[in-house]
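Asks: This is the structure I have questions about; it appears just below.
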Amino acid sequence: MKIKILRSAALLMVCAMLVCSFLSCANAKNKKAVATSGEYEIPYEQLRFVTMTYKAELDARYGDGNAENGTIWDDVATAEQYRAELEELVWGTIREDYAILQACAARGIGRKAFEGKDIKKTVDQMIDDEIAQFSSKSEYKDFLEEVYATENILRFKYALDEMKYLLHASMKKDGAFLTDEAAFEEWLVDGNSAYVQHFLLYHESDEEKEANYVTLENARQKLISGEWTLTDCINRANEDTSNVAPYFLVRNVQKDALVNAAVKLREVGDVSEIVEVEGALYVLVRMEETPILGANGTTETPLSLQLSNLLSTYQWAIVGDAVKVTKENLNIELNDYGKSIDLVTME
């Protein structure tokens, strides 16, 4: 009996050692660097999280939705078909993460701040809040595993958000963007914004683009002549399901081509030429800024009601532009381990 107990204990010990060894190996692999960007190492766990996220997204976009048929990554032919898009998305996202850190570093907000106690304290609270949404720590860990994340990745993302705020504060201090609402409003009305609504059609080929151009031009002419209303155009020549209300196009926030076309529309009801932006053809219509009676009896305009949000969006767009410039010049050095990893076959 004593021998059996000893054997059982020994077996449990071996099993425990194997589990610990497995977890240790998995943890070591996660932390192993696949590349460097400046003074930062890019760990395998980050590459896996971003890769698996985009693999799921691309499968949802291009797959047939039938789980029995597998995913687009299970078939060699389709996997190769979408390889370039996957790699571009993955490394584009990772480059942007480290571009934020490099943009901060260029302003004297370096690794010391990123790994410092102030950001750590904030991130610790965010992690606690995240865990509190689950019934147990085990359920929280299961969720992270389900979405191919780790707590290190979560901490990295939260810390990165805090660095964005530090970058914003630094740029604000240096006068990189407007901060006063009155000055911002004056800038907006001085040819830097327009209150519009649009209808658009998307295209994926030159043939589709040509057909959409004909459709939109027909709708545009009918709108100008009064044969159709804007509602008719939106219902009959539009693929943007979010297009439900007028909005402000603001320079530095939306694409220049759209803003430049919009600010040329001087009068309410003016209709733009067809504008092409990133796989879509737009027609813009200048809208009336109808005054609204506020709860306190004062009259507000759409601009006055939205001014604070527009200012914040404009400021963050300027910050984003700074990160974009850094991203374009960012260097990521893959090591031998990183070069050996095939994103398409990653699980």
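Asks: What accessible area per residue, rounded to a whole number of Å², is obtained for the chain using a probe radius of 1.4 Å?
Replies: About 60 Å² of surface per residue is accessible.
Asks: Output needed: percent of Cα pairs per 5 Å distance bin for the stretch 166-306, bins running from 0 to the one holding the longest distance.
Replies: Spelled out bin by bin, the stretch 166-306 gives 2, 9, 16, 19, 17, 13, 10, 8, 4, 2, 0 percent.
Asks: For an R0 of 22 angstrom, estimate the FRET efficiency from the Cβ-Cβ distance between Glu96 and Asn252 and round to the nearest 0.05.
Replies: Step by step, r from the Cβ atoms, then E = 0.75.
Asks: Leaving out ligands, DNA and RNA, and with a 1.4 Å probe, what % of the accessible surface on the chain is carbon or sulfur? Working shown, then result.
Replies: Values: 10720 of 20710 Å².
Ligands and nucleic acids excluded, carbon and sulfur reach 52 percent.
Asks: With charges set only on the Cβ (+1 for Lys and Arg, -1 for Asp and Glu), what does the dipole of the stretch 109-235 come to about its Cα centre, in debye to the nearest 20?
Replies: It works out to roughly 700 debye.
Asks: Shifting gears a bit: Could you work out the Kirkwood radius for the chain, taking every pair of different alpha carbons, averaging 1/r and inverting it, reported in Å?
Replies: Computed over Cα pairs of the chain, the Kirkwood hydrodynamic radius comes out at 24.8 Å.
Asks: Continuing with the same structure: Under unit Cβ charges (Lys, Arg +1; Asp, Glu -1), what dipole magnitude, rounded to 20 debye, does the chain have relative to its Cα centre?
Replies: Values: 36 positive and 59 negative charges, 401 e Å.
My answer is approximately 1920 debye.
Asks: Give the aspartates and glutamates reachable from Lys112 as a straight Cα distance under 14 Å; neighbours fewer than 8 places away on the same chain don't count.
Replies: Excluding near neighbours in sequence, the set is Glu39, Glu162.
Asks: Arg266 to Arg155: extension gain in nm, 0.36 nm per residue of separation minus the Cα-Cα distance?
Replies: Full extension of this stretch gives 35.1 nm more.
Asks: Quick one: accessible surface of Thr298, probe radius 1.4 Å, all protein chains present, in square angstrom to the nearest 10.
Replies: 60 Å²
Asks: So, one more: When ranked by the protection proxy of mean other Cβ atoms within 10 Å per residue, highest first, what sequence do the peptides 55-68, 311-324, 126-139 form? Walk me through the numbers before you get to the answer.
Replies: On the way: 55-68: 12.6, 311-324: 16.7, 126-139: 11.1.
Sorting 55-68, 311-324, 126-139 by mean packing, highest first, produces 311-324, 55-68, 126-139.
Asks: Of Ile72, Ile100, Ile224, which is the most mobile in a GNM of the chain whose springs link Cα atoms less than 10 angstrom apart?
Replies: Ile224
Asks: Identify, among Pro302, Tyr314, Val271, the residue whose Cα sits farthest towards the positive end of the charge dipole of the stretch 271-326, taking +1 on the Cβ of Lys and Arg and -1 on the Cβ of Asp and Glu, with the dipole about the Cα centre.
Replies: Tyr314
Asks: At 222 nm, what helix-only mean residue ellipticity would the chain give, in deg cm²/dmol to the nearest 500, using -39500 (n - 2.57) for each DSSP H run of four or more?
Replies: It comes out at -19500 deg cm²/dmol, rounded to the nearest 500.
The values are calculated or read from the model by the stated rules, or taken from the named source; none is laboratory data. Because the structure is a prediction, the values reported are computed rather than measured. Reconstructed Cβ throughout: ideal geometry from the backbone, glycine too, with neighbour counts over all protein chains shown. Each accessible area value is taken on the protein alone, full model and side chains, heavy atoms only, with ligands, DNA and RNA left out. Shrake-Rupley method; radii C 1.70, N 1.55, O 1.52, S 1.80 Å.
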